[in-house]
Amino acid sequence: MAEVILPHTEFHDLGESIRLVWRRTLYADFEKKELIRAVKRKYHVSPEITARDGRLIINTDFRDVEKYLAIFIQNNLGTLLRNLHTKRKVIYIHGGMDIPLLGYNAFGLIDRGTNLIQIRGTSGCNLSCIFCSVDEGPYSRTRMLDFVVDVDYLMKWFDEVAQIKGKGLEAHLDGQGEPLLYPFIVELVQALRDHPNVSVISMQSNGVLLDDELVEELAEAGLDRVNLSLHSLDPEKAKMLMGMKSYDLQHVLDMAEALVNAGIDVLLAPVIIFGVNDDEAEAFIEFARRIGAGRRWPALGFQNYIPYKFGRKPTTAKLVPFKDFYAWLRSLEVKTGMKPLVLKPRHFGMERREFLPLAFRPGEIVKAEIVLPGRIKGEMLAKARNRLIEVINTNARVGDKIRVKIVRTRHGIYIGTEV
């Protein structure tokens, strides 16, 4: 009897196949007959293969069969990898692919002209919030693909950006979805903590995937703050807003308190949909006070719901102009004594820094190579001048070399059309 045990991996028997779950966020299904065929090619036997207690069991005593099968699994993992929560195919981006990590919204780095750098190691979400600005989550109708970036490759690009942006940076872990789906989240926080140009490490999260062990690991790694996406304190309303019947509000509330107790500051970040959850504002403030949120930064960051082109739009949403929204926040400050609720960059130590130089000009036509499929229909990713370009409304395929007209360059996110 031989056993295959891989780091950060669990094996599960699904009958006709074996499921490998890697780092609690990714999985790959291997057909048993393919695993048996691989062993037969090497050892000329067809052993029974199953999984038990998280291990892969091979019913044979041949020497080194477990090492051989482990190598086979690792070599084929990339083509089978999927997101455990969205079930979508995952493309794993690493240094050998030479994919730029600047220029695209869904992964890599984003510079918006301040000392805060957004870091996006993965795409995808475990929730399907009814107001999601990018139609993310298990019930997405538009997102067809997810990405994961190797942590060493991500840090290589971050270091290059940090050298240009200077010291006193805030590294903010966010994304089109939930950052805790990133399989190397603890390692990423540790690497950023060791970077000489990083002063603050913050993260956006819905809190669902946290547990006591992960909270402690993130605290030890050096995470400073979590901006917690918490949109209702009523269990049933929270399930409705989060778009998941399985959403456990009490668990998220417990994790908010656990973060504070571990020394990680918490900023509650409710999206306010007037007519739905605006009546909970004072309850949010009271909860923030009770758990001790906002020790170093503001305790609350209320957000005004606005619809986006590719996002979800709840029919019950009442749109409120920002002028009225800020007046509402100021009235809450007066009524509750909780300040600040009208947030400014200075409340987070944000300051203007020179943008990374733009690689393209609006209207410019450039030669580019298609290197990756995009996340929605008709979208592909092209590479030129060491940047990615989101090419929209195209039928091009990976490997094609095309001419692209740049139509958008805002904050170094490049969008173009094929010409």
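In segment 291-321, what residues are assigned to a loop (DSSP other than H, G, I, E, B), of a type in the set (A, V, I, L, M, F, W, C) and closer than 21 Å to F274 by Cβ?
F302, I306, A317, L319, V320
Among L223, L268, which is within 18 Å of W297 (Cβ to Cβ), buried (at least 19 other Cβ atoms within 10 Å of the Cβ), in contact with a Lys or Arg (Cβ under 9 Å, 6 or more places away or on another chain) and in contact (Cβ under 8 Å) with a residue 12 or more places away in the chain?
Unique residue meeting the criteria: L223.
Restrict the check to segment 22-43 and report whether at least one residue is in contact with a Gly (Cβ under 9 Å, 6 or more places away or on another chain), more than 22 Å from V398 (Cβ to Cβ) and assigned to a helix (DSSP H, G or I).
The answer is yes; a qualifying residue exists.
Is there a residue in segment 114-136 that is of a type in the set (S, T, Y), modelled with pLDDT under 95, assigned by TED's automatic domain parsing to the domain that holds L241 and not in a helix (DSSP H, G or I)?
yes
Among (1) among the β-branched types (V, I, T); (2) closer than 28 Å to I413 by Cα; (3) touching a Pro at 6+ places or on another chain (Cβ under 9 Å), there is one condition I99 misses while meeting the rest; what is its number?
Tallying (1) among the β-branched types (V, I, T); (2) closer than 28 Å to I413 by Cα; (3) touching a Pro at 6+ places or on another chain (Cβ under 9 Å), I99 fails exactly one: (3).
Restricting attention to segment 366-406, which residues are assigned to a loop (DSSP other than H, G, I, E, B), free of Cβ contacts under 8 Å to residues at least 60 places away in the same chain and not acidic (D, E)?
G378, R385, N393, T394, N395, A396, R397, V398, G399
Which of the residues that make up segment 209-237 are part of a helix (DSSP H, G or I) and closer than 17 Å to L173 by Cα?
L214, V215, E217, L218, A219, E220, A221
Just to be sure I understand the filter: pairs with C-beta atoms under 7 Å, separated by 6 or more residues or on different chains, first member in segment 312-340 and in the same structural domain as R289 (by TED's automatic domain parsing), second member outside any loop (DSSP other than H, G, I, E, B) and of a type in the set (S, T, N, Q). Which pairs pass?
If the second residue must be outside any loop (DSSP other than H, G, I, E, B) and of a type in the set (S, T, N, Q), the pairs left are V320/N304; F322/N304; F325/N304.
What's the number of the only condition in (1) more than 15 Å from the chain's Cα centre (by Cα); (2) buried (at least 24 other Cβ atoms within 10 Å of the Cβ); (3) among the hydroxyl-bearing types (S, T, Y) that Y153 fails to meet?
All conditions pass for Y153, except number (2).
The values are calculated or read from the model by the stated rules, or taken from the named source; none is laboratory data. Being a predicted model, the structure only gives us computed values, none of them experimental. Using ideal geometry, Cβ is built from the backbone for each residue, glycine included, and neighbour counts are taken over all protein chains shown.
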